[in-house]
Structures are given as C-alpha cells and as structure tokens.
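Colleague: One structure, pasted below without further comment.
The values are calculated or read from the model by the stated rules, or taken from the named source; none is laboratory data. The model shown is predicted, which means the values in this text are computed figures rather than measured ones. All Cβ positions, even for glycine, are placed from backbone atoms using ideal geometry, and neighbour counts span all protein chains on display. In case anyone asks, the SASA skips ligands and DNA or RNA and just uses the protein heavy atoms, side chains included. Shrake-Rupley method; radii C 1.70, N 1.55, O 1.52, S 1.80 Å.
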Amino acid sequence: MADDADEAKQSNKHVLLFFHLDECPYCDQMVKDFNQPSLKKFIQQHFDVIAINIRGEKEVAINENQPLSEKELAAQVEVQYTPTVLFLNQKNEVVARTNSYRKPKKLKKVLDYVYSKAYTELTLAQYIETTKKTSDRQPQSHEMFQKIKGFSALKTPLAIIFEDKGCDACAYFYNTTLKDSAVVNRV
C-alpha cells in the first residue's frame, strides 16, 4: 500500500481501500454503484482503488517492514462491517472512513469530500452539512400535520419531527409509517 500511496501522490490521487466480504449483497451493490458511469469516471480520475477481502489470505503491505494478510489488515484497522471504505492521503494516512453501504448520491459526497481535501478543515459530517441545499432542509407536508401556534391549547400528544430530505429513515417514515393503517386510523 505504501507503493500505491506513492503512485497516488505522483498522480495527485487518494487511495480508496474497499473492504468487502465474498457473497455480501451490500458489497456487490456497492461495486455495481462504483461502475455507474458518473461514479466510475470520477473514481478512476481521482482514486487508486484496492479491494481487500476481510477474510482473505493475500499478503498486503502497509509499508516495506509490515506485511500482513488481508484479514490481519482488516482487523488492524478495525473493520467490523462490510463494505467499509477507507480513504488514504498521499502520506498513507486515513483521512475518511465509511462503514456499511452508501447509496451513490451519498457516496459521491464522500468522494467529493476526500477529492477536494476538505478533510484538512472539516469533518465529513460538517462537510455534508455545509453542502446541503436549503431545499433539503424544508419539512415535507402531510395531511396529519398541523401548524401549532401555542402549546397551551393542545389536548392531544404532540410529536416534533426533525427531518432531512436526504435521510433514508425520513423517507421510510413518510412512505411506510405514515401510511400504516394503525397510524392513519390513530389506533
């Protein structure tokens, strides 16, 4: 990996370590996502990709003095989920990490964060927050929602909902929970 980091440095790229597991459906989907034309081109231009099987026995070397098996490396960097992606800078240092599957739109944000070297000034969470559009922050409307002007007149329980249009859990809430018959009938 030290050689890959050197090659990446010469090409002004980062190293993307893709930790996966054979037969992992989320890993397979992420590989398919990597191959989408828009992501594939961006990844090829800005990253050197190394796939590492977390149970693999192939030898990888962090540096000349430290050969490890893929499995040992995964344990050393504490990979607990697949897929896990580590991004290394030109000094072979981890600058970002994602645990588990990311949809293409969210993965692109992480790729942009690393490519732009925003990690030198912001955490990934801060970067994502600063790049959100104002329209992403506007609450959705729903027939069950009421505008409340004062709490003193409330006669029923109140739920306050914090949401984000890019949130998978929020989408589930609108598309599933609020359509459930027990919720609709207020049972």
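Colleague: Out of region 38-56, which residues are modelled with pLDDT of 90 or more and outside any strand (DSSP E or B)?
Modeller: Across region 38-56, the qualifying residues are Leu39, Lys40, Lys41, Phe42, Ile43, Gln44, Gln45, His46, Ile54, Arg55, Gly56.
Colleague: Here's a follow-up. For region 103-119, how many residues meet the condition of being under 17 Å from Phe47 (Cβ atoms) and open to solvent by 70 Å² or more (accessible area, probe 1.4 Å)?
Modeller: Here the count works out to 3.
Colleague: Restricting attention to region 36-54, does a residue exist that is more than 17 Å from the chain's Cα centre (by Cα) and among the acidic types (Asp, Glu)?
Modeller: yes
Colleague: If I ask for residues that are under 17 Å from Ala96 (Cα atoms) and not hydrophobic (A, V, I, L, M, F, W, C), which ones from region 21-49 would you list?
Modeller: Once the filter is applied, which keeps residues that are under 17 Å from Ala96 (Cα atoms) and not hydrophobic (A, V, I, L, M, F, W, C), region 21-49 yields His46, Asp48.
Here's the yes/no breakdown for (1) on the phi > 0 side of the Ramachandran plot; (2) open to solvent by 20 Å² or more (accessible area, probe 1.4 Å); (3) in contact (Cβ under 8 Å) with a residue 60 or more places away in the chain:
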position	(1), (2), (3)
Gln10	no, yes, no
His14	no, no, yes
Phe18	no, no, yes
Tyr26	no, yes, yes
Gln36	no, yes, yes
Phe42	no, yes, yes
Gln76	no, yes, no
Pro83	no, no, yes
Leu88	no, no, yes
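Colleague: If you scan region 160-181, which residues turn out to be open to solvent by 80 Å² or more (accessible area, probe 1.4 Å) and outside any helix (DSSP H, G or I)?
Modeller: Within region 160-181, Ile160, Phe162, Lys165 meet the criteria.
Colleague: For region 71-130, enumerate the residues that are touching a helix residue (DSSP H, G or I) at 6+ places or on another chain (Cβ under 6 Å) and in a loop (DSSP other than H, G, I, E, B).
Modeller: Hits for region 71-130 are Thr82, Pro83, Gln90, Asn92, Tyr101.
Colleague: Filter region 44-72 for residues that are open to solvent by 70 Å² or more (accessible area, probe 1.4 Å) and acidic (Asp, Glu) and give the result.
Modeller: Correct list: Glu57, Glu59, Glu64, Glu72.
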